[in-house]
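Okay, so here's the structure we're looking at.
Coordinate-derived values only; no laboratory data. Just so we're clear, the structure is a prediction, and the values are computed from it rather than from any experiment. Every residue, glycine as well, gets a Cβ built from its backbone with ideal geometry; the counts of neighbours run over all protein chains shown.
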Amino acid sequence: MNAQPDAGDSVQHVDVLIIGAGLSGIGAASQLTRELPGKSYLVLESRPRMGGTWDLFRYPGVRSDSDMFTLGYRFKPWRGDKALADGAAILDYVRETAAEYGVDSHIRYDRRVVAADWDSEAARWTVTVETEREDVGGGSLKVREHYTCSFLWACSGYYDYDQGYSPSFPGIAEFGGTVVHPQHWPQALDVAGKRVVVIGSGATAVTLVPALAQAGAGRVTMLQRSPTYVLPVPGVDVIGQKLKKVLPEKASYMVTRWKNVAQATLLFQASQRWPGPVRRMIRRLNARMLPEGYPVDTHFKPTYGPWDQRMCLVPDGDLFRAIKQGEASVATGTIETFDETGIRLASGEHLDADLVVTATGLNLLAFGGMTISVDQQPVDLTQTMAYKAMMLSGIPNFAYTIGYTNASWTLKADLVAEYVCRLLAHLDATGARTAVPVRDPEIAEEPFMDFSAGYVLRALDRLPKQGSIEPWKLRQNYVHDVRTIRRGAIDDGVLSLR
């Protein structure tokens, strides 16, 4: 798609154009306001409201799967009591941050970025946006707008907001009940007294099952093809609460934040180095919270090592409590077919259902699906290499925010925001106009993410590559990135500044 405006188009120019008004985009804009208040910027959001994931997902019990002392911004303390907060509380936190830093007045809603073209001579991006306007007949008319900017920053997340992943299930057309995907939860859906089957075993499924039981569902079954690691954690960070009473707010927040970073890092490193002992520890925790004689190894013993995929955290073991109280159950097996009254498994077991929830995951979508070109030449993302997991080789004045897979998303988002602000300040101080990572053809390519989750594996052939050595290699280590991203030199011999 041609990103150049037609003659006569009114084009608005800003120093920085941020795509996405979710947790990452609001954090990026707030950090830009804090560090470089003289920079002009806009935030383009494809949806009618801010909040991203936390506004989109409305299924029962939606909550964070990282503790809020690390999912919260570094510069703005989380004041809630819950370690794993509900979606509404996180959305309030994002909105409060936007209001506090005046970001809300810089957001343009219902603007989907479809194309961006870099002009090397002018050293600026031209960005094409689709939006809708009311036509003379009272209907809506899809139109294009154009913006230009000196720096383009994609904070649009990593998945398709329009469509979740739903595999093709045999016989599903014969099912006489209701089928919903958590990404499109009907707000009027009444689950009281209904037999519910939740297909999936990830963070969404383990959240939904106890929430649906609490909402009065007659019986809730989590149907999984294979088990996931499920780790019970305290619902309230007791140490964090005590620190609040003896330290100033910012100090207690930072101490608790670093405590939780250390705990998460140690668990991940231990899982990678000593998977057997960690696996046994998690099994003991699970068995302790389940009924006597429960088949733990059938339903809670994954075939892969700890943290080869993202580990599911459940506050105060609510999933296990629902199972122990007889409100929920787990079925592990392969779906043979749907029929009118439910699901028949390959084992012959039949799961009766009035409602089936397909918590089967997400579809990855790089940069919101927009096309990128440099001097009118389309960029093939698969031929680019990620620099510090936030810029791409050969694409000038462009950054993106993608969080960690093994820790809180916002830990990485904060680091990216700090780096971009430092980079922009460096460009101003040196008089340079462009910054572009220059790829060394001798560096070996590796997959963009070394992560075996299904949603990643389904998309790897459409994503950029990472390299075998730094700064092209993604470490998935916050402590390491604090040193290399927050404190590392901007002019490192790899980033071309001119």
>> What does the extension gain come out to for Asp135 and Ile469, with contour length at 0.36 nm per residue minus their alpha carbon separation?
In response: 114.9 nm
>> Give me a comma-separated list of calculated 3J(HN,Hα) values for the stretch 379-387, in order, Karplus coefficients 6.51, -1.76, 1.60 applied at θ = phi - 60°, integers in Hz, x for any Gly or Pro.
In response: 9, 8, 4, 5, 9, 9, 10, 6, 9
> With helices defined as uninterrupted DSSP H runs, which ones in the chain have an alpha carbon span along their own long axis of at least 24 Å and mean Kyte-Doolittle hydropathy of at least -0.5?
Replying inline: 249-273, 409-430
> Tell me, Kirkwood radius of the stretch 172-358 from alpha-carbon pair distances, in Å?
Replying inline: 18.2 Å
> Considering only DSSP beta bridges with both partners in the stretch 332-490, what is the antiparallel share in %, to the nearest 5?
Replying inline: 95 percent
> List the lysines whose alpha-carbon lies under 21 Å from that of Lys412, not counting same-chain residues fewer than 8 positions away?
Replying inline: Lys76, Lys250, Lys259, Lys388, Lys465, Lys473
> Roughly speaking, what is the stretch gain from Gln325 to Ala122, that is 0.36 nm per residue apart minus the C-alpha to C-alpha distance, in nm to one decimal?
Replying inline: 66.5 nm
> Do you know the relative contact order of the stretch 160-296, to the nearest whole percent, from alpha carbon pairs under 8 angstrom that are 6+ apart?
Replying inline: 16 percent
> What is the spin-label model distance, in nm, from Asp352 to Lys245 if the labels are put 7 Å beyond Cα along the C-beta direction?
Replying inline: 5.1 nm
> In the stretch 172-358, with Lys and Arg counted as +1 and Asp and Glu as -1 at Cβ, which of these residues, Ile323, Val230, Val198, has the Cα nearest the positive end of the dipole, that is, farthest along it?
Replying inline: Val230
> In deg cm²/dmol and to the nearest 500, what is the mean residue ellipticity at 222 nm of the chain if only DSSP H runs of at least 4 residues count, each as -39500 (n - 2.57), divided by the residue total?
Replying inline: -8000 deg cm²/dmol
>> Treating only the Cβ of Lys, Arg, Asp and Glu as charged (+1, +1, -1, -1), what charge dipole size does the chain show about its Cα centre? Round to the nearest 20 debye.
In response: 1980 debye
>> Run the paramagnetic zone check for Asp461: 7 angstrom along Cα to Cβ, then residues of the stretch 357-374 with backbone nitrogen under 20 Å.
In response: 362-367, 369
> Measuring from label point to label point, each 7 Å out along Cα→Cβ, what is the Asp81 to Leu189 span in nm?
Replying inline: 3.0 nm
>> Based on alpha-carbon centroids, what's the gap between the stretch 139-194 and the stretch 254-288 in Å, whole number please?
In response: 33 Å
> Which residues in the stretch 270-304 have a backbone N closer than 20 Å to a point placed 7 Å from the Cα of Asn477 along the Cα-to-Cβ line?
Replying inline: 270-276, 278
> So which chymotrypsin sites (Phe, Trp or Tyr not before Pro) in the stretch 271-312 pass both tests, a DSSP loop state and at most 16 other Cβ atoms within 10 Å of the Cβ?
Replying inline: Tyr304
